[in-house]
1. Can you spot a residue in the range 66-77 that is surrounded by 10 or more Cβ atoms within 10 Å (Cβ to Cβ) and either under 22 Å from THR3 (Cα atoms) or polar (S, T, N, Q) (or both)?
2. With the requirement that a residue be in contact with a strand residue (DSSP E or B) (Cβ under 8 Å, 6 or more places away or on another chain) and either in contact (Cβ under 8 Å) with a residue 40 or more places away in the chain or not in a strand (DSSP E or B) (or both), what does the range 44-80 give you?
3. Anything in the range 16-43 that is surrounded by 11 or more Cβ atoms within 10 Å (Cβ to Cβ) and outside any loop (DSSP other than H, G, I, E, B)? List them, or say none.
Amino acid sequence: MDTLATTRMSSKGQIVIPESIRKRLNLEEGAQFIVVGDADVVILKKIIPPEMGEFDSLILQARAQAKDSGLKEKDIASAIAKARNRK
């Protein structure tokens, strides 16, 4: 299978991912990516959202990290209020 291909950027900044690579990576319309650029390198990383079953684990991790850092509930409410006033 092809792991290397060439493509061009359109005047609108759009780049086509060659079909052989899209098929091999199971990329479908609407797929979202993180784009990282450094010097002359551009990297696309497909965003894979967590499964619903993973959220309990993620919440436990977030709570543990908040506790370890000394974050209080009032700190979160304050940060939300501050962010909402930045409109």
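We did not get these values from a lab; they are worked out from the coordinates using the rules stated. Fair warning: this is a prediction, and the values are worked out from it, not measured in the lab. Cβ: placed from backbone, ideal geometry, glycine included. Neighbour counts: every protein chain shown.
1. No, that holds for no residue.
2. Answer for the range 44-80, where residues must be in contact with a strand residue (DSSP E or B) (Cβ under 8 Å, 6 or more places away or on another chain) and either in contact (Cβ under 8 Å) with a residue 40 or more places away in the chain or not in a strand (DSSP E or B) (or both): just ILE47.
3. Hits for the range 16-43 are GLU19, SER20, ILE21, ARG22, LYS23, ARG24, PHE33, VAL42.
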